[in-house]
Every structure is written in structure tokens, then in C-alpha cells.
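The next block holds one structure in the form of C-alpha cells; read it before the comments.
The values are calculated or read from the model by the stated rules, or taken from the named source; none is laboratory data. Everything numeric here is computed off the predicted structure, so don't read it as measured data. Note that each Cβ is placed from the backbone with ideal geometry, even for glycine, and that neighbours are counted across all protein chains shown. Surface accessibility is based on the protein's heavy atoms, side chains included, excluding ligands, DNA and RNA. Shrake-Rupley method; radii C 1.70, N 1.55, O 1.52, S 1.80 Å.
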Amino acid sequence: LMSARHRLVSAVLVSCILVAVRAVPTGGRTHIVVPCYNEEKRLPVEKFLQFTSEDQNAGVVFTFVNDGSTDATLKVIEDMASQRPSRISVHHLSKNGGKAEAVRRGMLHVLTHNNLTTFDVVAFWDADLATPLSSIAQFTEKLTQYPHIEMVFGARVALLGRDIQRKFSRHYLGRIFATLASIILNLRIYDTQCGAKMFRATPDLRDALSTAFTTDWIFDVELIARFKNLRIRADKTPCESVIYELPLDSWHDVGGSKLDFLSKVKALYGLGCIWCEYIGPMTSWNPEPWTPPASSSPPPPAAQPEL
């Protein structure tokens, strides 16, 4: 009887530890930046509210960036924030600057207004939830499992047993673009354009975000190129040693994409610009340096979600 009781107590303790690790996987908090432009009718409000009401997600907070929307997006996200004030905040940009700038300024806002340390992580996540919120735990678990990893990128790999629903044309055009991006970066990366990426809050992250991107729809490639540039300058281990690509369990192509044909043509031109700016022998990019917070102790426990 005593042995059975000990096993039961041990199982309960292990369950509690696993919940804590999932909620606050790196000893800090998980900050998700969600860029929004005219998302009034597409934003899955109930899914965000449900996620932030669940105890196991108490270590995850959201910052919605309103990128100068001309519809009622700002009101929608402000209403969400009023229902979950400790879990959801709004960063308003009065002028539309594009997705790249919304992500950059949103992540910088989180980094500079929350006194983050390397115990914390910052991510950006597409507002349409093509990558479901349930995947957040898988991303943070990889950062816990592999302490040397600094970035986890979602990869839309249509393996058997996975629920990856992508239009035929977008899939094959995406594979061509990813191959070209891999060549430009000299990096064996499968999927550069998935809208779910997570980073440790390191000085390199702040430096990589310190100046505006020169591209918009392929800013993901430009961000990786900046990390590669920074690591070469500092004589650190290669960029591929700190990036983990996570094959997603689920990803659904959501209608209403704002990427038109001209943007796709510009993306190809942008790859050449990225190589010249960050990779080639005449690179001229200079980040604005950042000094991380003095304290190295983990932040206080996350607040309990509102019910």
C-alpha cells in the first residue's frame, strides 16, 4: 500500500513539474508577438481567449501589434486585452509599415519594455493561426531540451501522420523559393517562410532587430542573414548550430493572404539584395549595439490567467 501511495505521489509531482515546464519552459516567460493589419474579420478571437484562460499556458503572454489598420482591428484586439489584461497587450502603430516592420517593432517593444533576460523567449506568430497555438509548447520544449539552441523555426513538412494543408501551387513555389534562399544563405534550411518562429531573448536578437528590414515579405530570410552576419563577426559557432527546425504537426493554409504576384517577383530580387547586404564580401550592415539587462536572475513567476 505504501509503495502504491509513493508511486501515486511521484506521478502527481511529475505531472506538476511537466505543467510548470510547459508553462514557463526556460525559467522565464514566453512572449508571442502577433502582427495585425486589417484582421478584423480573420482574427480567431475565441481561440486566443481560450488559450490564455488555461492554466498550463500561464507562462505565455501575447503582444498584438496593430500595423495601422484601417478597419476595426484595433478595437478587436483592445477588447481582447481588456478581458485578459495580464496576458494580452496591444502595441499600436499609427502608420502601416508592413508585416516586417510590425514584427520588428513589436519584438523590440517586448524586449525593451519587459526587462527580459535569456531566461525568456520571444516569438512571432501569424494572426490567422495557420500554425495553431497548441504548437507553442512544442517550440518552447525544444529550447528547454537543447540549451545551446537559440531559435526554433516551424517547418511545414507534409509527412504522413501530419495535418499540413497547403495549396498545391503555394507548396511548390515555396519549395523553389526555399531552395534559392538556402543557396543565398549557404544554410541547409527547409522552410524560411513559416510564420511561427521563436527566439531566446539574447543580445544577438536585439542587434538583429535594431535596424529596419530592407525587405518585407521575405524578412524571415533577412533576419536569418543578420544572425549569420553577427555570428561571423563575433567568431561564434555557425548559425546552423543554434537553429532548430521543428516539423509542425498541423498547419492550415488560411484564405485572405495579402501576398500578390508583384510581391513574389520582388521577393526574388530581395534575395540578391540580402546576399549583398549581409553575406557577400561587400557587406555594409551595422547593427545598433544593445547592452542586456544587468540582472541574470529569472523573473518572478507568471501571473495566473483571468477566468
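Quick check: is even one residue across region 239-262 open to solvent by less than 10 Å² (accessible area, probe 1.4 Å), over 28 Å from ASN114 (Cα atoms), small (Gly, Ala, Ser) and assigned to a loop (DSSP other than H, G, I, E, B)?
no
Being crowded, with 19+ Cβ neighbours inside 10 Å and among the small types (Gly, Ala, Ser) is the requirement here; does ALA208 meet it?
So ALA208 fits the description; yes.
I need the strands (runs of 3 or more DSSP E) fully contained in region 130-200, keeping only those with at least 1 residues that are open to solvent by 10 Å² or more (accessible area, probe 1.4 Å) and out of contact with any Gly (no Cβ under 6 Å at 6 or more places or on another chain).
By residue number, 163-165, 196-200.
So for region 84-103 (the condition being more than 25 Å from PRO247 (Cα to Cα), acidic (Asp, Glu), in contact (Cβ under 8 Å) with a residue 24 or more places away in the chain and in a loop (DSSP other than H, G, I, E, B)), does at least one residue qualify?
No, there is no match, as no residue in region 84-103 is more than 25 Å from PRO247 (Cα to Cα), acidic (Asp, Glu), in contact (Cβ under 8 Å) with a residue 24 or more places away in the chain and in a loop (DSSP other than H, G, I, E, B).
Just to check your reading of the model, which residue among PHE48, PHE64 is of a type in the set (Phe, Trp, Tyr), at pLDDT 60 or above and in a helix (DSSP H, G or I)?
PHE48 is the lone residue from the list that is of a type in the set (Phe, Trp, Tyr), at pLDDT 60 or above and in a helix (DSSP H, G or I).
Looking only at region 82-91, which residues are closer than 15 Å to ALA127 by Cα and either of a type in the set (Asp, Glu) or open to solvent by 10 Å² or more (accessible area, probe 1.4 Å) (or both)?
Matches in region 82-91: SER89, VAL90, HIS91.
Of (1) among the hydroxyl-bearing types (Ser, Thr, Tyr); (2) touching a residue at least 60 places away in the same chain (Cβ under 8 Å); (3) open to solvent by 70 Å² or more (accessible area, probe 1.4 Å); (4) over 19 Å from GLU150 (Cα atoms), THR118 satisfies all except one. Which?
(4)
Quick one: MET151 ticks every box in (1) at pLDDT 95 or above; (2) over 26 Å from SER284 (Cβ atoms); (3) aliphatic (A, V, I, L, M) bar one, so which box is it?
It is condition (2) that MET151 fails.
Just for region 32-66: of the residues that are among the acidic types (Asp, Glu) and over 12 Å from ALA127 (Cα atoms), which one is most open to solvent (accessible area, probe 1.4 Å)?
Restricting to residues being among the acidic types (Asp, Glu) and over 12 Å from ALA127 (Cα atoms), the top hit is GLU46.
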